[in-house]
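The values are calculated or read from the model by the stated rules, or taken from the named source; none is laboratory data. No experiment lies behind these values; they were computed from the predicted model shown. Here the Cβ positions follow ideal geometry from the backbone for every residue, glycine too, while neighbour counts run over all protein chains shown.
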């Protein structure tokens, strides 16, 4: 309901056959997400709304990474789950990070990428093109650090194949940035139940222990 009220003015500028708020709650949310992905004005209003929310959040960090260096100087491929992207971006914003964020073409990825650019991060969009892997390898080899948005997988065999490969190729460890909010709006229509922390929520961040990958004798990627 809050998001609908915030963006009514933005969606009014769209053709009626593209976004319809008033049929059902599901139709309203579908229209909201479609507009956020396709309409720049809607994304900018959402960004302003998120910036306001950020001023109300409280941050709690549990760092199990074992690194004595601040996030901006620690090596690693930092992995944030899709559903907690807003909470993750809040953490990166508070840490004042810079560098590159890997996102995708999903609604959440487009929104997150837009917000990340406003914070000064350079966004690389996932694709199957060889140029994508080359770009990410170049960033990791040069900076030894990158942030990635992806699916909620912890087991090595369930991770997207390019993630262990990137870590093995560049000798950079992988660390999960696990995010949770004391209260959040969960979008049940989304496959990942995308969550937007509510005002005055406590955002808890857990940076996990590093996981390392390498090539074995058969040139297969294995976790070490």
Yes/no for residue 98 being surrounded by fewer than 17 Cβ atoms within 10 Å (Cβ to Cβ), outside the structural domain of residue 165 (by TED's automatic domain parsing), in contact with a helix residue (DSSP H, G or I) (Cβ under 7 Å, 6 or more places away or on another chain) and modelled with pLDDT of 85 or more:
no
Condition check: closer than 30 Å to residue 215 by Cα, in a helix (DSSP H, G or I) and at pLDDT 90 or above. Does residue 137 satisfy that?
yes
List the strands (runs of 3 or more DSSP E) inside the stretch 32-103, counting only whole elements, that have at least 3 residues being over 15 Å from the mean Cα position of the chain (by Cα).
58-63
Of the residues in the stretch 169-215 that are at pLDDT below 90 and part of a loop (DSSP other than H, G, I, E, B), the one that is surrounded by the most Cβ atoms within 10 Å (Cβ to Cβ) is 194
Examine the stretch 110-117 for a residue that is within 26 Å of residue 39 (Cβ to Cβ), at pLDDT 90 or above and part of a strand (DSSP E or B), and state whether such a residue exists.
no
Residues located in the stretch 120-132, provided they are crowded, with 16+ Cβ neighbours inside 10 Å and at pLDDT below 90:
126
Every residue in the stretch 58-95 that is touching a helix residue (DSSP H, G or I) at 6+ places or on another chain (Cβ under 6 Å) and over 25 Å from residue 125 (Cβ atoms), please.
59
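Among the listed residues 134, 145, which satisfies the condition of being without any contact (Cβ under 8 Å) to a residue 24 or more places away in the chain and not assigned by TED's automatic domain parsing to the domain that holds residue 48?
Values: 145 fails: without any contact (Cβ under 8 Å) to a residue 24 or more places away in the chain.
Only one candidate qualifies: 134.
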